[in-house]
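Coordinate-derived values only; no laboratory data. Please read these numbers as outputs of a predicted model, since none were measured by experiment.
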Amino acid sequence: MTEKKDVKTQESKTVQQAGQDERVIRPPVDIYEDVAGITLQADMPGVPKDRLNIHVDKDMLSIAGDAFIDTPEGMDALYADVIVTRYQRSFSLSGELDGTKVDASLKDGVLTLHIPKREEHKPRKIEVRVG
């Protein structure tokens, strides 16, 4: 007789939504900045495009996705490293970023978001007139 056990990862947490507890994974994220804006890369393996949700509300960026883990037909997992399949994370956006122009792409389980700076916050060259 095989016994199934729950395995917790430190990346998972419990969130309260609509009166129910839901366990989610906080995806690891790398954030890079350049003169044009920021680029955010989140590791979300197993999440297809149609199960991915990205929302910007005022200065809050939220990403969420449901991973699809395929189990062969007629088989049950005796052990699984991944028991939580919902990714979720939120970020506060600086006022210098333009949340209305977020560009998103998904490739090989990595979600890449580029958020440009507002025009008034981008560096610009000042022309000097002679005379």
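Is there a pair in LYS58/LYS117; LYS49/LYS122; LYS101/LYS125 whose C-alpha atoms are over 20 Å apart, and which pairs would that be?
Among LYS58/LYS117; LYS49/LYS122; LYS101/LYS125, the Cα-Cα distance tops 20 Å for LYS49/LYS122; LYS101/LYS125.
Just to check I understand the Karplus step: with θ = phi - 60° and J = 6.51 cos²θ - 1.76 cosθ + 1.60, what whole-Hz values come out for segment 60-72, glycine and proline as x?
Using θ = phi - 60°, the values come out as 10, 9, 10, 10, 8, x, 10, 6, 10, 10, 7, 9, x Hz.
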